[in-house]
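Since the structure comes first, as structure tokens, the remarks are kept for the end.
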Amino acid sequence: MNNSYQEYLNFSHKLADAASETSMQYFRTSLDIDNKSDDSPVTIADKNTELKIRSLVEKEYPNHGILGEEFDSSNPDADFVWVIDPIDGTRSYIAGHKDFGNLISLTHNKKPIIGIINCPAHNERWVGVINQQSTYNHEPANTSEVKNIEDAYLFTSGLYFEEPQLRNAVDKINKKVRYYRYGGDCYMYGMLTSGLIDIVIEDTLKAHDYMALVNVIEGAGGQISDKFGNAISTDSQGSVVASANKELHSKLISIINE
């Protein structure tokens, strides 16, 4: 592994540990809930978790950029940018549901090189580094070998799709798969990485929602792209198709773009 990546990976674990501690401090407690301009909820847990991560990055790597969910970007044109979703699944978090997570990614020239899906209420952590084997709680993680849509288990947030092409395609895929379920927050991508499910499809996401997923899924043998099959970067437009392997992924992209 590139020595600088190992340094960044070690630091990423420190960020995830801090995010775990801060977010769990407020979990299943009485919280004041505000609504942002897009009507999504935000709590002191979201804000303080992001502030903690930001403070650690700013101290350790003052020349790096930060792109987070709750506060304005800092130095977004830097070569290295940390992309943070302090609590992915705030609605689940508010309800006391354990599937929320802390998403932490490091990008280099807008492309992800390290990603962490950290789910502290489950005590589970998936870690990916570009061109390296992904891990689940420090053990190798591998996606499933399911190659046919008819044999696959799909998780989707399809209830929130806004454009007809993807919404209609997901309706078709739902009818083909063996099983499907709506919802799951970032935890469903961890399940995909560990081979428990085979497909995740989402839309209307922002960079902080998806950047941490890329290296984790690819390093476990999976595939992740936008709905057109294009690689994910900080400039992606919000659609995400993730699957267990190239063959399954190709079939999904074909259906979506019929």
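Residue by residue, here is whether (1) within 21 Å of Leu9 (Cβ to Cβ); (2) of a type in the set (S, T, N, Q); (3) modelled with pLDDT of 95 or more; (4) assigned by TED's automatic domain parsing to the domain that holds Leu56 holds:
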position	(1), (2), (3), (4)
Ser74	no, yes, yes, yes
Asp79	yes, no, yes, yes
Trp82	yes, no, yes, yes
Pro86	yes, no, yes, yes
Gly96	no, no, yes, yes
Phe100	no, no, yes, yes
Leu103	yes, no, yes, yes
Leu106	yes, no, yes, yes
Lys111	yes, no, no, yes
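Answer yes or no as to whether Phe228 is aromatic (Phe, Trp, Tyr), outside the structural domain of Gly65 (by TED's automatic domain parsing) and either modelled with pLDDT under 95 or surrounded by 17 or more Cβ atoms within 10 Å (Cβ to Cβ) (or both).
Criteria not met by Phe228.
Restricting attention to segment 90-101, does a residue exist that is closer than 18 Å to Leu205 by Cα, in contact with a strand residue (DSSP E or B) (Cβ under 9 Å, 6 or more places away or on another chain), of a type outside the set (A, V, I, L, M) and in a strand (DSSP E or B)?
Within segment 90-101, one or more residues are closer than 18 Å to Leu205 by Cα, in contact with a strand residue (DSSP E or B) (Cβ under 9 Å, 6 or more places away or on another chain), of a type outside the set (A, V, I, L, M) and in a strand (DSSP E or B).
Is there a residue being among the small types (Gly, Ala, Ser) and farther than 22 Å from Leu67 by Cα anywhere in segment 197-208?
No, segment 197-208 has no match at all.
Can you tell me which of Thr49, Thr29 is assigned to a loop (DSSP other than H, G, I, E, B), under 15 Å from Phe100 (Cβ atoms) and either free of Cβ contacts under 8 Å to residues at least 12 places away in the same chain or of a type in the set (Ser, Thr, Tyr) (or both)?
Residue meeting the stated conditions: Thr29.
Go through segment 199-240 and report how many residues are closer than 23 Å to His97 by Cβ and not basic (Lys, Arg). Walk me through how you get there before you give the answer.
Initial filter on segment 199-240 (closer than 23 Å to His97 by Cβ): 199-206, 208-210, 212-213, 216-217, 240.
With the extra rule that they be not basic (Lys, Arg), the set shrinks to 199-205, 208-210, 212-213, 216-217, 240.
Of the residues in that region, 15 qualify.
For segment 145-187, which positions are hydroxyl-bearing (Ser, Thr, Tyr), touching a helix residue (DSSP H, G or I) at 6+ places or on another chain (Cβ under 8 Å) and surrounded by 13 or more Cβ atoms within 10 Å (Cβ to Cβ)? Talk me through it step by step, then tell me what you get.
Restricting attention to segment 145-187, the residues satisfying the condition of being hydroxyl-bearing (Ser, Thr, Tyr) are 153, 156-157, 160, 179-180, 182, 187.
Now narrow it down to the ones that are touching a helix residue (DSSP H, G or I) at 6+ places or on another chain (Cβ under 8 Å): 156, 180, 182.
If the condition is that a residue be hydroxyl-bearing (Ser, Thr, Tyr), touching a helix residue (DSSP H, G or I) at 6+ places or on another chain (Cβ under 8 Å) and surrounded by 13 or more Cβ atoms within 10 Å (Cβ to Cβ), then Thr156, Tyr180 are the ones that fit.
Before we move on, is Glu150 assigned to a loop (DSSP other than H, G, I, E, B) and of a type in the set (D, E, K, R)? Steps first, please.
Values: assigned to a loop (DSSP other than H, G, I, E, B): no; of a type in the set (D, E, K, R): yes.
No; evaluated as a whole, the condition is false for this residue.
May I ask you to list the residues in segment 115-133 that are in a strand (DSSP E or B) and either among the polar types (S, T, N, Q) or farther than 21 Å from Asn230 by Cβ (or both)?
At the first step, the residues of segment 115-133 found to be in a strand (DSSP E or B) are 115-119, 124-129.
Listed by number, the residues that qualify are Ile116, Ile117, Asn118, Cys119, Glu124, Arg125, Trp126, Val127, Val129.
So Ala95 passes all but one of these: (1) surrounded by fewer than 16 Cβ atoms within 10 Å (Cβ to Cβ); (2) in contact with an Asp or Glu (Cβ under 9 Å, 6 or more places away or on another chain); (3) aliphatic (A, V, I, L, M). Which condition number does it fail?
All conditions are met except number (2).
If you take the residues in segment 232-250 that are assigned to a loop (DSSP other than H, G, I, E, B) and at pLDDT 95 or above, which one is surrounded by the most Cβ atoms within 10 Å (Cβ to Cβ)?
Ala244
When you scan segment 151-159, do you find a residue that is among the β-branched types (Val, Ile, Thr) and over 18 Å from Gly222 (Cβ atoms), even just one? Steps first, answer last, please.
Here is the first cut: in segment 151-159, the residues among the β-branched types (Val, Ile, Thr) are 156.
Imposing the further condition that a residue be over 18 Å from Gly222 (Cβ atoms) reduces the set to none.
For segment 151-159, residues among the β-branched types (Val, Ile, Thr) and over 18 Å from Gly222 (Cβ atoms): absent.
Would you pick out the residues in segment 50-83 that are closer than 16 Å to Asp209 by Cα, among the acidic types (Asp, Glu) and touching a His at 6+ places or on another chain (Cβ under 8 Å)?
Glu69 - this is the single residue of segment 50-83 that is closer than 16 Å to Asp209 by Cα, among the acidic types (Asp, Glu) and touching a His at 6+ places or on another chain (Cβ under 8 Å).
Please go through segment 65-89 and pick out each residue that is free of Cβ contacts under 8 Å to residues at least 24 places away in the same chain and either over 22 Å from Tyr26 (Cβ atoms) or in a helix (DSSP H, G or I) (or both).
Those that are free of Cβ contacts under 8 Å to residues at least 24 places away in the same chain and either over 22 Å from Tyr26 (Cβ atoms) or in a helix (DSSP H, G or I) (or both): Gly65, Asp72, Ser73, Ser74, Asn75, Pro76, Asp77, Ala78.
The values are calculated or read from the model by the stated rules, or taken from the named source; none is laboratory data. All of these numbers come straight from a predicted model, not from anything done at the bench. Note: ideal-geometry Cβ built from the backbone for every residue, glycine included; neighbour counts use all protein chains shown.
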